[in-house]
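Enquirer: Pasting a structure below so you can have a look.
The numbers here are math on the coordinates, done by the rules we state, and not lab data. Keep in mind the model is a prediction, meaning the values are calculated, not measured. Ideal geometry is used to build each Cβ from the backbone, glycine not excepted, and the neighbour counts take in all protein chains shown.
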Amino acid sequence: MLQEPKTVGPTREGQWDAKLGQSLVALLALVGARQMNVETLRERTRLTPTAFNSLLGWLQREYLVDIISGLEGDRVGERVVLTEKGESVLVGMLEQTCELPELH
């Protein structure tokens, strides 16, 4: 069953709720590298482990990020990967919060 994509944006004009603001920070941190170690991303967001886990779960449920497990040396590590939808939502969030210049 196809779902209409959700628009992620301010709850009221000019106001973001905490989850969306935290999402913007996390997505911006991922946009350059496209993927990052879970703990590194948590440190960059400056969230507590509990708040970060809640945010990460929400980002996964919205299909904005994927979590990939793999071997890192002799241990299993997890990386957060920005999805195409995540990138698209990030661009939409930025367009809603600030006027982006047209490149011509």
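Enquirer: Working out 0.36 nm times the residue gap between T97 and V31, then minus their Cα-Cα distance, what length gain in nm do you get to one decimal? Kindly include the intermediate steps, with their values, before the conclusion.
Expert: Values: separation 66, 0.36 × 66 = 23.76 nm, distance 1.72 nm.
Full-extension gain reported as 22.0 nm.
Enquirer: On to the next question. Report the net charge of residues surrounding L82, where surrounding means a beta-carbon distance below 14 angstrom and charges are Lys +1, Arg +1, Asp -1, Glu -1.
Expert: 0
Enquirer: Can you compute the FRET efficiency between K85 and T48 using 1/(1 + (r/R0)^6), with r the Cβ-Cβ distance and R0 = 30 Å? Round to the nearest 0.05.
Expert: Efficiency for this residue pair is about 0.70.
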